[in-house]
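Provided herewith is a single structure, encoded as structure tokens, for subsequent inquiry.
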Amino acid sequence: MSKKMNRKMKKTIKTNQIKLYEKIAEEATIDCNDEEDQIVGWEIVLDENIATPRPCRIGKQEAVLEKISTDDNAGSMMGIVRLHKTKIRILIQDVILDNAKAMQYINAYKYWCKNG
């Protein structure tokens, strides 16, 4: 396969991913009046599509994603993670899931955070 064809395939994959992320973001934020509503919408979509508890990674550390929630101000999405015997709250963007379908929802949230 030529380099030009390989780049074209990568661009198509990226375009398809962006379309998927935008579709998920629209589902999460439709009928929302403000940013707080949008975060609550994301909480619902992530909770419905990412079953918890489930194994995850934080960096290279194995952990368990126990719950998806918002921060105290409903300003961002958080994961409640058990790392060894300690529970921590971490930005959902920093959670890595092995399940590709579930990870698409976190990636869509990351994309929305960057591109609104």
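Taken together, the values in this text are just the output of simple stated rules run on the coordinates, not laboratory data. Quick caveat: nothing in here was measured; it's all calculated off a predicted structure. Note that we place each Cβ from the backbone using ideal geometry, even for glycine, and neighbour counts take in every protein chain shown.
Let me understand the chain better: what is its radius of gyration from the alpha carbons, and its Dmax, in angstrom?
15.7, 51
Quick one: what are the phi-derived ³J(HN,Hα) couplings along segment 47-61, Karplus 6.51/-1.76/1.60 with θ = phi - 60°, whole Hz, x for glycine and proline?
After applying 6.51 cos²θ - 1.76 cosθ + 1.60, I find 5, 6, 10, 10, 5, 10, x, 8, x, 8, 10, 10, x, 9, 7 Hz.
Would you mind working out the magnitude of the charge dipole of segment 3-115 relative to its Cα centre, with +1 at each Lys and Arg C-beta and -1 at each Asp and Glu C-beta, to the nearest 20 Debye?
For this selection, approximately 1380 debye.
How much length, in nm to one decimal, is gained on full extension between residue 27 and residue 100, taken as 0.36 nm per residue of separation minus their Cα-Cα distance?
Net length gain for the segment: 24.4 nm.
Once R0 is set to 35 Å, what does the formula 1/(1 + (r/R0)^6) return for the Cβ-Cβ distance between residue 17 and residue 69, expressed as a FRET efficiency to the nearest 0.05?
It comes to 0.85.
Something else: Check which residues have an amide H placed less than 5 Å from residue 76's amide H, if you skip close sequence neighbours.
Result for residue 76 returns 71.
Using the Karplus curve 6.51 cos²θ - 1.76 cosθ + 1.60 with θ = phi - 60°, work out ³J(HN,Hα) for each residue of segment 100-107 in order, rounded to whole Hz, and write x for Gly and Pro.
With coefficients 6.51, -1.76 and 1.60, one gets 4, 5, 5, 5, 4, 6, 5, 5 Hz.
Given the -39500 (n - 2.57) contribution per DSSP H run of 4+ residues, what per-residue ellipticity at 222 nm results for the chain, rounded to the nearest 500 deg cm²/dmol?
Only helices count here, giving -17000 deg cm²/dmol.
Quick one: putting +1 on the C-beta of Lys and Arg, -1 on the C-beta of Asp and Glu, what dipole do you get for segment 67-112 around its Cα centre, in Debye to the nearest 20?
Numbers: 7 positive and 4 negative charges, 43 e Å.
The dipole magnitude comes to about 200 debye.
Build a GNM of the chain with springs between Cα atoms under 10 Å: which of 22, 35, 43 gets the top mean-square fluctuation?
35
Place +1 on the Cβ of every Lys and Arg and -1 on the Cβ of every Asp and Glu in the chain, take the dipole about the Cα centre, and give the residue among 59, 42, 106 whose Cα lies farthest towards its positive end.
Sorting the options by dipole projection puts first 59.
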